[in-house]
Structures are given as structure tokens and as C-alpha cells.
1. Quick one: order 63, 107 by neighbouring beta-carbon count within 10 Å, fewest to most.
2. About the Cα centre, and with charges only on the beta carbon of Lys, Arg (+1) and Asp, Glu (-1), how big is the dipole of segment 46-163? Nearest 20 debye, please.
3. Just order 141-149, 97-105, 119-127 by mean Cβ neighbour count inside 10 Å, highest at the front, would you?
4. Run the numbers for residue 133 and residue 101: contour at 0.36 nm per residue of separation, minus the present Cα-Cα distance, in nm.
5. What is the set of long-range amide H partners of residue 149 at a cut-off below 5 Å, with H atoms built 1.01 Å from backbone N?
6. Mind jotting down the three principal axis lengths of segment 46-163 based on Cα atoms? Whole angstrom, largest first.
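Values quoted throughout were computed directly from the atomic coordinates according to the rules given, and no laboratory measurement underlies them. Small disclaimer: the values here were computed from a predicted structure and weren't measured. Neighbour counts are summed over all protein chains in view; Cβ atoms, including those assigned to glycine, are modelled from backbone coordinates with ideal geometry.
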Amino acid sequence: MRAKARLLGTALGALLLPLSVGTTAHAAQSAQSAQSAQSVQSVQGEPTVRIMAGSCSSGNFCMFDLVNYNAGSTTSTNLWRDIVHDDDNFAGNHWRDGNGNLTTQVMDNRTSSVKNESGCRVYLWSNPGYSGENIAYSDGSWDPDLGARPFVGDNAASSADFSC
């Protein structure tokens, strides 16, 4: 009787093992596919930005380290960053360079110009957590020099929230 139970247990285990491995492999494959889709999604907007300083793809709120969307920059870094949703603290964000690579330079209190192509109204705030002074940018608006604004001036933005 024990031999039959052991044999039955082994046979049952052999039947279930491929099912559990297949399920695990499928889950891993699904996760990998989702990750690939995210990668493709983020890469699609980059070629436009790489072509010239100051470009901004539809669906993005684009921030630039220098005035005039980095145009005329004497540096080769062309620091920029696109966001597509609320961000309560820029301190954890890093600029991208002219090739789209993340840099070690933190964005907090470093934005000098913006373009809003997000489809939403975006509020820039002077402090983390959507606090302090703010300035609103309607969809389609561009601001080449935040230093010319009475609120959240040059190199003072620390958070942004979207109102869609």
C-alpha cells in the first residue's frame, strides 16, 4: 500500500511540476514583457529630444536646466527631464543629458525653463509636497525663463502636480 501511495505521489508530482514551472515561467515572461513595454514606451519619446535642445514630446511636461530650453548652451550636457505625472519631490530625480542618459545631477531647485505638452494644467511648486509658492502652466504653454516670474522663479522648483 505504501509503495502504491509513493508511486501515486511521484506520478502526481511529475504531472504538477510542469504546471507550476510553466506558471512561474509564464509569470516571469509576463513581467519581462511588461518591463519591455515600459522600456519601449520611454524610449519612443527620446529621439525627438536627442535631435535638438528644447524639443518636447506630446504627453510630457518638460523641464530644462537652462533658460530658453537649453538652446545656445555652451555645455554639451543639455540637461532636461520629462515628467508625465505628479512628483512631490524633485530631490530624488536626476537630469538626463543630451543623449537621454541619467546624470548624477539632481533636479531639485535647478529648473530654468519649461514646456507643457502634457494635455493637463501643471503646477510647479517651490517646496516639496506641493507647498510654498506655485505657478500654473496650461497645456501648450512654454516658459523660456522662470527667472522672469514672480512665483517659483529660476532654480526654485521642487515639486509638480498635474490637474487633468
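1. Going from sparsest to densest Cβ surroundings: 107, 63.
2. Numbers: 7 positive and 15 negative charges, 47 e Å.
With only Lys, Arg, Asp and Glu charged at Cβ, the dipole is about 220 debye.
3. On the way: 141-149: 15.0, 97-105: 12.8, 119-127: 19.0.
Put in order of decreasing packing, that is 119-127, 141-149, 97-105.
4. Numbers: separation 32, 0.36 × 32 = 11.52 nm, distance 3.07 nm.
Here the answer is 8.4 nm.
5. Those lying under 5 Å, H to H, from residue 149 are 154.
6. 33, 26, 25
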